[in-house]
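Here the structure comes first, spelled out in structure tokens, and everything after it is commentary.
The values are calculated or read from the model by the stated rules, or taken from the named source; none is laboratory data. This structure is a prediction, so every number in the text was calculated from the model and none was measured. Every residue, glycine among them, receives a Cβ derived from its backbone with ideal geometry; neighbour counts consider all protein chains shown. In case anyone asks, the SASA skips ligands and DNA or RNA and just uses the protein heavy atoms, side chains included. Shrake-Rupley method; radii C 1.70, N 1.55, O 1.52, S 1.80 Å.
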Amino acid sequence: MILTGSKITEEVRSGSICLDPFEESLVNPNSYNYRLDKDLVEITYNVDDIKLLPIQHKLIIPEEGYVLQPNKLYLGVTYETIGSPKYVPSLIGRSSLGRLGLFLQITADLGHIGTCHKWTLELTVVQPLRVYSKMRIGQVSFWVTEGLELLNGHEYKKEVNSYAKYSEPTHSQMEKLLG
Amino acid sequence: MILTGPKIHEEVLNGNIVIDPFDPVQLNPNSYDFRLGSKLKVYKNLELDTKNENETETIELTESGIVLYPNKLYLGHTVEKIGSEKYVPIIRGKSSTGRLGLFVHITADLIDIGYIGRFTLMLHAVQPLRVLPGMRIGQVTFWKVFGDIKLYEGKYQGSMEPAASQVYKDFKLKD
């Protein structure tokens, strides 16, 4: 089951959903609009060795915005801290941005219960597109789970494969999963 | 929880789901296939700006359809008017579409509860691909909600043709 906007608001107040800062004007019928923070990284991974650090061109989105170019991957970050100890977050772009050809999150829209941080956004565009910091760029929905009690004693292995400790655009750490 | 095909059928008959026109042939075990409408919109400029209105031009599809090219975004629409005041629709392509390298939406698969209209499709092909009007291009699923329902009253309500982005209107609001 997906939470309605009213339920999201209620659960933010009760502490079961973390959306910080929270503004009621950003609540949709069944999701919450998050904003794009000012930090952006243009990233290039090493094609020969996935374990090598990627080349990162870090920038701050200026007042006049920044034009994303096709065939490039950018990492951004949400302005808000987002998460929940109780519901599963799913984070995607807004249709208003999809209508301009902006992908937000590439294939992996699913969050982990129990994490709360500023999410790294994976951005890529079909046509060049100017974006601005603090614009409402995406939406996060929250889903009811079954078996929440099973998480007790099986906390998410934060040190191994979690990005939850990061609140800036963070590159893939696939090498940690290679063993 | 996701609705099964028979439940979608039941809720269409009960009026809790709008799919118009509705044909049971397009029902799947847990979704409904929508078809590509005959009108596409493309942006006139290559470079787009979220802060300003981006002009579009309309393409009317003939029976022979159109070849979509990578690096260009095409806005399409569903033949069907779809929506619900009880369930949340989520859309995606059919696997037959994905196997052709065609995206039918970009990033936003989630529809607001209370939106009723033709869906705007965000068509993006990985390789050049011919699409035909009326083809079954994607599927819509319906999901149960938790909490009090406030219906969508947004700017895209009731669209009958591809609706270009109106995100520029955000910048006119007080921050």
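Structural remarks
- Spread over its residues, the convex hull of the C-alpha atoms of chain A is 125 Å³ per residue.
- Summed over qualifying helices (DSSP H, 4 residues or more, each -39500 (n - 2.57)) and divided by its residue number, chain B shows a 222 nm mean residue ellipticity of -2000 deg cm²/dmol.
- Whole-angstrom gap from segment B:114-148 to segment A:97-140, using each part's C-alpha centre: 19
- Options A:107, B:62, A:88, ranked by Cα towards positive dipole end of the protein assembly as shown, top entry (Cβ charges): B:62
- Partner lysines for residue B:86 [C-alpha distance under 22 Å; skip if fewer than 8 residues away on the same chain]: A:7, B:7, B:144, B:150, B:155
- Inter-chain Cβ neighbour count for B:124-130, averaged per residue, equals 1 (cutoff 10 Å, partner chain atoms only).
- Over chain A, DSSP H runs of length four or greater, each weighted -39,500 (n - 2.57), average out per residue to a 222 nm ellipticity of -2500 deg cm²/dmol.
- Selected from B:39, B:72, B:150 as most flexible by GNM, with chain B as the system and alpha-carbon contacts under 10 Å: B:150
- Within the listed set B:121, B:48, B:36, the residue fluctuating most in the Gaussian network model of chain B (springs between alpha-carbon atoms under 10 angstrom) is B:48.
- In the B-A interface, the accessible area buried, summed over both sides, Å² (probe 1.4 Å): 3800
- Residue of B:50, B:97, B:58 that the Gaussian network model of chain B assigns the largest fluctuation, springs spanning Cα pairs under 10 Å: B:50
- Sparsely packed loop sites in segment A:1-67 (the GluC sites (Glu not before Pro) outside DSSP H, G, I, E and B with at most 12 other Cβ atoms within 10 Å) comprise A:23, A:63, A:64.
- In segment A:6-62, the inverse of the mean reciprocal separation of distinct Cα atoms equals 14.6 Å; this is its Kirkwood hydrodynamic radius.
- In the assembled protein chains, residue A:171 presents an accessible area of approximately 30 Å² (probe radius 1.4 Å).
- Kirkwood-type radius of the protein assembly as shown, with distances r between different C-alpha atoms, in Å: 21.1
- Computed from the Cα positions only, the extents of chain B along the three principal axes stand at 46, 44, 23 Å, in decreasing order.
- Heavy-atom surface of segment A:5-146, accessible at 1.4 Å and reported per residue (Å²): 40
- By accessible area, using a 1.4 Å probe on protein heavy atoms only, segment A:5-146 has 50% of its surface on carbon and sulfur.
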